[in-house]
1. For residue 135, which sequence-distant residues (separation of 5 or more, or a different chain) have an amide H within less than 5 Å of its own amide H, given hydrogens modelled in the peptide plane?
2. Quick one: among 151, 94, 199, which has the greatest mean-square fluctuation in a GNM of the chain with alpha-carbon springs under 10 angstrom?
3. Taking Cα atoms of region 182-255, Rg/Rh with Kirkwood Rh, to two decimals?
4. Given H placed 1.01 Å from N in the peptide plane, which residues other than close sequence neighbours of residue 234 have an amide H under 5 Å from its amide H?
5. Please compute the Cα-Cα pair-distance distribution of region 77-177 with 10 Å bins starting at 0, giving whole percents from short to long.
6. How large is ³J(HN,Hα), in whole Hz, for each residue of region 242-250 in order, when computed from phi with the Karplus curve 6.51 cos²θ - 1.76 cosθ + 1.60 and θ = phi - 60°, using x for Gly and Pro?
7. So what's the back-of-envelope 222 nm ellipticity for the chain, counting only DSSP H runs of four-plus at -39500 (n - 2.57) apiece and dividing by all residues, rounded to 500?
8. P(r) for the chain: what percent of alpha-carbon pairs falls in each 10 Å bin, starting at zero?
Amino acid sequence: MPTSREAARRLLGLPDDADRDDLRRAYRKLAFTCHPDRHPGNPQMEKRFKRLGEAYRVLTDEREADKRDALSGAPEAPVPGRDLYYRIRLDFLLSARGGEATIRISRPALCPECAGRRDSDCPRCAGRGEVIIRDGIGVRLPSGLEEEETLRLPGEGAPGRFGGPPGDLYLIASPLNHPAFERRGLDVHSVVQLPAFRLMEGGPVRVFTVQGAVKITIQPRTRPGRIFRLAGWGIARRSGDGRLEKGDHFVRASEMPLKAEPEPERDFASYLRY
């Protein structure tokens, strides 16, 4: 982000003697060209749009500060942005394995028209100084996220005013259920259906876990309901002291039901008989 007058002027293409009207015209032209609504899915344009807003704020803050100093002899104190909290629904496997994800949320941003000055004449924000934007945030999710667990993203909250820092963003995890897996702490439970001959003869069986597929060998004459433990194939998670802990996967053998006999085809005319 441009933090100096020189960097802000370069970004907006302004000469040193540009006045407030020149600044406003240059900013509106560039902001209109780079607005995220005109470039959906383009993160580079989103970043440039934010940098333009920050450059405009730097230059307008400087001019407003000069006016305030002349009247009161003291500038406005920086006001930090507020923290934001959002609950996010996560796929079961993503919450178990962790990984990179893009979370799309609606959150406040500095008004591009008045750059957060809270100008009551601003047609965009009507004096609020903020507008609501919807954008994607790249997040690195740790493995083993649990219900109500909170992730903190520093500086991704509401914007500050008068040079104050932005707030933080807190994401509250809410993992979804899975049709085949049941989580119990770091352990995962599932059921594998096997034909009667496999239970009788034994042999290799493919089992799906949160870490991928693994082959196990069952003994002959395995009874339905027997549970097999796959040590270390559950959910992995870092403890508070940095140690990696791993749960187990428990799979219960079940006999595959016989297919029901198909109903005999009936002549269409039979449906018309009383």
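A short reminder: the numbers here are calculations on the coordinates, not readings from a lab. These numbers come from a predicted model, not from an experiment. Positions of Cβ are backbone-derived with ideal geometry, glycine not excepted, and every protein chain shown enters the neighbour counts.
1. Amide H neighbours of residue 135: 105, 107.
2. 199
3. Over the Cα atoms of region 182-255, Rg/Rh equals 1.07.
4. So residue 234 has HN proximity to 247, 248, 249.
5. Taking every Cα pair in region 77-177, the percentages come to 16, 39, 26, 15, 5.
6. x, 6, 8, 10, 10, x, 10, 10, 10
7. Computed ellipticity for the chain at 222 nm equals -7500 deg cm²/dmol.
8. 6, 20, 20, 14, 13, 11, 8, 6, 2, 0
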